[in-house]
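Structure, as structure tokens:
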Amino acid sequence: MTRKAQLNIIIFGSDTPAGKWFDIGLILTIVFSVFIVMLDSVQSIRSVYGNALNMAEWVVTILFTIEFMLRLYCAPKPLKYTVSFFGIVDILSILPTYISLFVPGTHYLTVVRVLRVLRVFRILKFIQYIEESRTLIRSIRQSFRKIVLFISAVITIAIILGSIMYVVEGETNGFTSIPISIYWAIVTLTTVGYGDISPVTDIGKAIAALIMILGYSIIVVPTGFVSSTIVNYNRTEHVCDRCKEPLQSLTNKSAHNIDDDDIG
């Protein structure tokens, strides 16, 4: 076996001891790198350990650069890997540090490296759950039009109620413009409630209470769209071709008078 093939097994595979240790070491390095970036964003820590954190960040970046070059070297199709999801994430995980040489502060964007931890799915053998994620994505796509229509309705409601609040409360009570009033309506409708703007008049408070109740009423609607799609998918895809019963309910095959080959 050539050295290139051996590297491919270690770097891209996880079935060998060397491959597992490589992935585990990579994930620990990623977590360590993200932790460094978080610490560096704290002024009190950066003022004391800034140089050490910067040096550690560059060491990690160089290691990731070498790792990326090795992936390109041993990948069967380097270009295909480069434009793949993990290839793009690998590039984005090292670029901010180099860009920070010309644009200060961009190295904080290296937190995107946390996406590389998704490789833990290969190590922990979670591949069997990929089908579940595909079902969720498929359901979201099928419900996309309903969700867009719902969001459009919510935006329309926020614009109308925000405009009404601007008229009712006025600039003296903090609703200085219609955009600001719409911002307040959105914050209230989503039940976030920052509290930076609040109605003063009785009519304004009544409208605010209506928006809060409305927010609780509509917040679960998108979830209902996706959930119903998933249920319908399970009903149509996981039934027996012969008896049209859910496969999960076929605990007693003799009751249905069918063999293993009859189950769809």
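The values are calculated or read from the model by the stated rules, or taken from the named source; none is laboratory data. Quick caveat: nothing in here was measured; it's all calculated off a predicted structure. Here the Cβ positions follow ideal geometry from the backbone for every residue, glycine too, while neighbour counts run over all protein chains shown.
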(request) Could you identify the single residue in Leu39, Leu26, Leu63 that is in contact with an Asp or Glu (Cβ under 9 Å, 6 or more places away or on another chain) and either loosely packed, with under 13 Cβ neighbours inside 10 Å or assigned to a helix (DSSP H, G or I) (or both)? (result) Leu26
(message) I need the full set of residues from the stretch 165-213 which are farther than 19 Å from Ser152 by Cα, surrounded by 13 or more Cβ atoms within 10 Å (Cβ to Cβ) and of a type outside the set (A, V, I, L, M, F, W, C), in order please.
(response) Tyr166, Glu169, Gly170, Asn173, Gly174, Thr176, Gly193, Ser198, Pro199, Thr201, Gly204, Lys205
(message) Restricting to the stretch 79-102, count the residues that are surrounded by 14 or more Cβ atoms within 10 Å (Cβ to Cβ) and over 15 Å from Arg113 (Cβ atoms).
(response) 2
(request) Among the residues of the stretch 136-150, count how many are part of a helix (DSSP H, G or I) and either touching an Asp or Glu at 6+ places or on another chain (Cβ under 8 Å) or touching a residue at least 60 places away in the same chain (Cβ under 8 Å) (or both). (result) 8
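Yes/no matrix, rows are residues, columns are (1) within 30 Å of Arg141 (Cβ to Cβ); (2) among the polar types (S, T, N, Q); (3) modelled with pLDDT of 90 or more:
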{"site": "Ile159", "(1), (2), (3)": "yes, no, yes"}
{"site": "Ser163", "(1), (2), (3)": "no, yes, yes"}
{"site": "Gly170", "(1), (2), (3)": "no, no, no"}
{"site": "Thr229", "(1), (2), (3)": "yes, yes, no"}
{"site": "His238", "(1), (2), (3)": "yes, no, no"}
{"site": "Pro246", "(1), (2), (3)": "yes, no, no"}
(request) Tally the residues that are of a type outside the set (A, V, I, L, M) and in contact with a Ser or Thr (Cβ under 8 Å, 6 or more places away or on another chain), restricting the search to the stretch 60-115. (result) 12
